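Below: the structure, in structure tokens.
Nothing in this text is a laboratory measurement; each read-out follows from the coordinates by a stated rule. These numbers were taken from a predicted model, which means no experiment stands behind them.
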């Protein structure tokens, strides 16, 4: 049966019009501690308990960030859009574009963001997204594979896609 499914990320409603707070739940940390103790360290705990404010960004700001192609700037673009932007087509296009980035955090976060879009909008372009998820499930980077699995779980749950190389849960 395997380990229990982690609780996931808890998102609060915007406290201010321009901010979203992203919280990693205590249950996620406990799940990781119980089932993957060798992968954890105090550094991970400090990172996982850090709250991250996500500033709402305009399409113009997104396009400028994409042009600069700085991985540190790009890491939160897809997540910010997926959690807050109302333009599904624009956000999906940006996420797909970021899925071709070589930085594992940028790629992984773009994959997770596709799962968020599936949950929020109940649709994705299957011909484009499904191959991205399937190939990312085979990525040599552990972070990318984990993000692809998270996205595949959400996509399966909300869109009922069968994704090669993925077992739901």
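Per-structure values
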{"read-out": "Cα-derived Rg over Rh, computed across the stretch 57-169 with Rh taken as Kirkwood radius", "value": "0.94"}
{"read-out": "Kirkwood hydrodynamic radius of the stretch 86-133, Cα pairs, Å", "value": "10.6 Å"}
{"read-out": "Tail beyond 16 Å, pair distance distribution of the stretch 107-169 (Cα, percent)", "value": "31 percent"}
